[in-house]
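**Q** Following this message is one structure expressed as structure tokens.
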Amino acid sequence: MDVKVAHGLQLSAVVQHEKIGRRPRAGRFDMSREPQRLRLFVSTRLSSTMTRRRTTAVEVSSSYDKISASILESGRVRSPLDEKLILKNRSQEIQPYLNGRCIYLVGMMGSGKTTVGKIMSEVLGYSFCDSDTLVEEEVGGDSVADIFKHHGEPFFRNKETEVLRKLSLLHQLVISTGGGAVIRPINWKYMHKGVSVWLDVPLEALAQRIAAVGTNSRPLLHYEAGDPYSRAFMRLSAIFEERGEAYANANARVSLKNIAIKLGKRDVSELSPTDIAIEALEQIDNFLKGEGGSYAEC
């Protein structure tokens, strides 16, 4: 975090980090909205102390230290040790170019922004935050679903824009944004102060994930009839029709379909969150080394 910037703008931020638990098993992508164990609180009071998580080194076997990521990635089956080494190498490659800029993850609801974002923040030595959680804190702890119910979507979007404005003044954060954050051009103005990454997940996979965990925390999915999968798929299709072009404003695109093809997987459901985090770092690297284009694509 940039203390000078925070002080100059009368902002205070406290980041509370609890170590990420055991990594999900490869082939399992749990997209339930788990309780937040890490929160960033932004207020208007001046604070002389700010805390952020320091870099946590990734431990790898010394016998692998001199093996390049490209050699490891030449095979389609990666062991957990391989994944850790590739993550480490990718993060080291982009850090000189990233130079402390924030990373904003955008994508449809259920696309894995929180899960992937925590992995990326861990390996980069960044802090992680969820913009929806910050909006909830701004409104006194009400859930996003309750905010939509009691105050309406425009109220929520205004709070979301204000949170993104404050975050754009800070550094060394991986930020999971709400699925609809992309619809306001002003939000892109703030997110483009960092690097934005679109997690592009097939709608069928999104519907399966959301149907499996329920729609209680997804206020935009409450009004469709039918079985859980059909209900989720129909509503997600309509939402993507409205937002698809907006997601393309991201600096980098991570297509899960393309990752699955590259790794020889039959379906995107076989990808682990680490597979996706590795690809996200690679696409950030491509963007940073060729800044000025639209977006890199897997």
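The values are calculated or read from the model by the stated rules, or taken from the named source; none is laboratory data. These figures come from a predicted structure and were not determined experimentally. Using ideal geometry, Cβ is built from the backbone for each residue, glycine included, and neighbour counts are taken over all protein chains shown. These accessible areas exclude ligands, DNA and RNA; they are computed on the full protein's heavy atoms, side chains included. Shrake-Rupley method; radii C 1.70, N 1.55, O 1.52, S 1.80 Å.
**Q** Between Ala238 and Arg165, what FRET efficiency follows from the Cβ-Cβ distance if R0 is 25 Å, with the result rounded to 0.05? Kindly include the intermediate steps, with their values, before the conclusion.
**A** Values: r = 29 Å, r/R0 = 1.15.
With R0 = 25 Å, the Cβ-Cβ based efficiency is 0.30.
**Q** As I understand it, the dipole of segment 80-288 uses +1 on the Cβ of Lys and Arg and -1 on the Cβ of Asp and Glu, about the Cα centre. Which of Ala212, Ser131, Phe233 lies farthest toward its positive end?
**A** After comparing all options, I get Ser131.
**Q** Let me ask something else. Computing the accessible area with a 1.4 Å probe over protein heavy atoms, can you report the carbon and sulfur percentage for segment 80-288? Walk me through the numbers on the way to the answer.
**A** Values: 3690 of 7600 Å².
Carbon and sulfur together cover 49 percent of it.
**Q** Shape of segment 135-187 from its Cα gyration tensor (a ≥ b ≥ c, root eigenvalues): rounded if a/c is under 1.5, otherwise prolate when a/b > b/c, or oblate? Walk me through the numbers before you get to the answer.
**A** Working: a/c = 2.13, a/b = 1.52, b/c = 1.40.
Here segment 135-187 falls in the prolate category.
**Q** Another question about this same structure. Using modelled backbone amide H atoms (1.01 Å from N, in-plane), which distant-in-sequence or interchain residues come within less than 5 Å of Val174's amide H?
**A** Ile103, Ser127, Phe128, Cys129
**Q** Any idea how far apart Glu270 and His150 come out in nm if each label point goes 7 Å out from Cα toward Cβ?
**A** Once both label points are built, they end up 4.7 nm from each other.
**Q** Give me the extension gain from Asn158 to Asn99: residue separation times 0.36 nm, minus the current Cα-Cα distance, reported in nm with one decimal.
**A** Values: separation 59, 0.36 × 59 = 21.24 nm, distance 2.96 nm.
Residue separation times 0.36 nm, minus the Cα-Cα distance, leaves 18.3 nm.
**Q** I've got another one for you. Determine the dipole magnitude for segment 80-288: charges of +1 sit on the beta-carbon of Lys and Arg, -1 on that of Asp and Glu, nothing else is charged, the reference point is the Cα centre, and the result goes in debye to the nearest 20.
**A** Details: 24 positive and 27 negative charges, 72 e Å.
Using Cβ point charges on Lys, Arg, Asp and Glu, segment 80-288 gives about 340 debye.
**Q** Holding the Cα-Cα limit at 18 Å, pick out from Lys265/Lys289; Lys113/Lys257; Lys113/Lys159; Lys262/Lys289; Lys84/Lys193; Lys166/Lys189 the pairs that are longer than that.
**A** Details: Lys265/Lys289 29 Å; Lys113/Lys257 16 Å; Lys113/Lys159 20 Å; Lys262/Lys289 22 Å; Lys84/Lys193 29 Å; Lys166/Lys189 12 Å.
With Cα atoms farther than 18 Å apart: Lys265/Lys289; Lys113/Lys159; Lys262/Lys289; Lys84/Lys193.
**Q** Provide the descending list of Cα extents for segment 80-288 along its principal axes, expressed in whole angstroms.
**A** Computed over the Cα atoms, the extents are 46, 42, 28 Å.
**Q** Which whole-Hz ³J(HN,Hα) couplings does segment 169-178 yield from phi under the Karplus relation 6.51 cos²θ - 1.76 cosθ + 1.60, θ = phi - 60°, glycine and proline marked x?
**A** Here the 3J(HN,Hα) series is 8, 10, 9, 6, 10, 9, 10, 8, 9, x Hz.
**Q** Among Asn99, Gly112, Leu263, flag the residue with its Cα farthest along the positive direction of the charge dipole of segment 80-288, charges on Cβ as +1 for Lys/Arg and -1 for Asp/Glu.
**A** Checking the options against the dipole of segment 80-288, the answer is Asn99.
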